[in-house]
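Below is one structure, written out as C-alpha cells; the observations come after it.
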Amino acid sequence: MLLADTKRILLKLSGEVLMGDQQFGIDTDFVAKLAGEVKAARDTGLEICLVIGGGNIFRGMAGAAKGMDRAQADYMGMLATVMNALAMQSALEKLGVETRVQSAIQMDQVCEPVIRRRAERHLEKGRVVIFAAGVGAPYFTTDSGAALRAAEMRCDALFKGTSVDGVYNADPKKDASATRFDTIDYDTVLAENLKVMDASAVALCRDNEIPIVVFSIRERGNLARVLAGEGTQTIVRTAGPGAS
C-alpha cells in the first residue's frame, strides 16, 4: 500500500477526465473504464468516497469570465457535477458496485442530501459514496469540496486523478524541462503556487494532515498501481525525511 494503514480514501476526478477523447460532455465508454478502476480499488477492501468536477459540462469561473454572475455560474457548475456523479453511479452499478450519490444541494428525487453519518454507514456496507455539488455554495471549487469531504469523512488520503502524472515545477505540457516531484510539502505547494489543487483545498488538507496523491487516471490500471505503491505519482504531505 502506498500510504501505510490506508483504509478509506477520497478519489477526486476532474470533470474533463470524463470526456475521454471528446471535446465536451461524457464519454460513457471511458466512464465505464474509470468505474472498473474504482471497482478494482474497492475490491481490495478500501472504503472509497468520490468527488467529480464538472468542467466537462460547465465551469463556473469560465462562465463568470464571460460576464455571467459568478454565484449563478457556480451553481450551474454544481449541477454539472451532479450529472457526472449520476453517470458514474450508473457505470459502477452496472459492474455490481453499490453506489450512493449525496448532493450538497438538496434534490431528493435523484440523490440523497449530504449526511455524514449516513455516508459513514454506506461506506461500512462496502458502498461507494459520490459527493456532488461541491460544498453547496458559490466561490468554492470542487477541489475544496473534495478536501472538505476527505476531512469530514476522516479519509486517510486524498487521491487526485488528473491528466498528468504528478506535480511539476512548471507546466509539463508547455515546458519540456519541467521536473516532477516524488514528494513535496503543503507549504511549498502554496508558497510556489504549484497547480495541484486550489490554495484553500491544500490548506485544508494540511491542517487535517491528509496526504494528497496526484497521479494520472488516464492510464489504465494506474489507480491500482499507485495504491500498491507502484506507478508514478507525487505525494503532498507534511515536510519530513524524504520530502523534496
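Taken over the Cα atoms of the chain, the convex hull encloses 125 Å³ per residue.
Among LYS160, LYS94, what is the fewest-to-most ranking by other Cβ atoms within 10 Å? Could you put the intermediate results ahead of the total?
Values: LYS160 24, LYS94 10.
Ordered by Cβ neighbours within 10 Å, fewest first: LYS94, LYS160.
For a Förster distance of 25 Å, can you work out the FRET efficiency between the beta-carbons of ALA32 and LYS125, rounded to the nearest 0.05? Let's see the in-between values first.
Working: r = 23 Å, r/R0 = 0.94.
The value I calculate is 0.60.
Label separation (ARG118 vs LYS66): 3.5 nm, computed from points 7 Å beyond Cα along the C-beta direction. Region 144-205 to region 51-69: how many Å between their Cα centroids? Using only Cα atoms to place each centre, the spacing works out to 20 Å. Secondary-structure-derived ellipticity at 222 nm for the chain, considering helices only, amounts to -11000 deg cm²/dmol, per-run term -39500 (n - 2.57) for DSSP H runs with n ≥ 4. When the Cα positions of LEU148, SER200, ALA170 are compared along the charge dipole of the chain, LEU148 comes out farthest toward the positive end, with charges on each C-beta of Lys, Arg, Asp and Glu. For region 8-237, DSSP calls about 15 percent of its internal beta bridges antiparallel. For region 119-143, the residues whose amide N sits under 13 Å from a probe point set 7 Å from the Cα of VAL110 along the beta carbon direction are 132-134.
If the chain between ASP198 and ALA178 were fully stretched, how many nm would it gain, using 0.36 nm times the residue separation less the Cα-Cα distance?
In short, 5.2 nm is gained.
Do any chymotrypsin sites (Phe, Trp or Tyr not before Pro) in region 108-162 lie in a DSSP loop with no more than 15 other beta carbon atoms within 10 Å, and if so, which?
When the chymotrypsin sites (Phe, Trp or Tyr not before Pro) of region 108-162 are filtered for loop state and at most 15 Cβ neighbours within 10 Å, TYR139 remain.
If you take the beta carbon distance between GLN23 and GLU98 as r and set R0 to 35 Å, what does 1/(1 + (r/R0)^6) give as a FRET efficiency, to the nearest 0.05?
Values: r = 33 Å, r/R0 = 0.94.
Calculated transfer efficiency: 0.60.
Along the Cα-to-C-beta direction of ASP5, a point sits 7 Å from the Cα; which residues of region 192-206 have their amide N less than 19 Å from that point? Counting only backbone N, you get 206.
Where a number appears in this text, it was derived from the coordinates with a stated rule and is not lab data. Since this is a predicted model, take the numbers as computed values, not measurements. Reconstructed Cβ throughout: ideal geometry from the backbone, glycine too, with neighbour counts over all protein chains shown.
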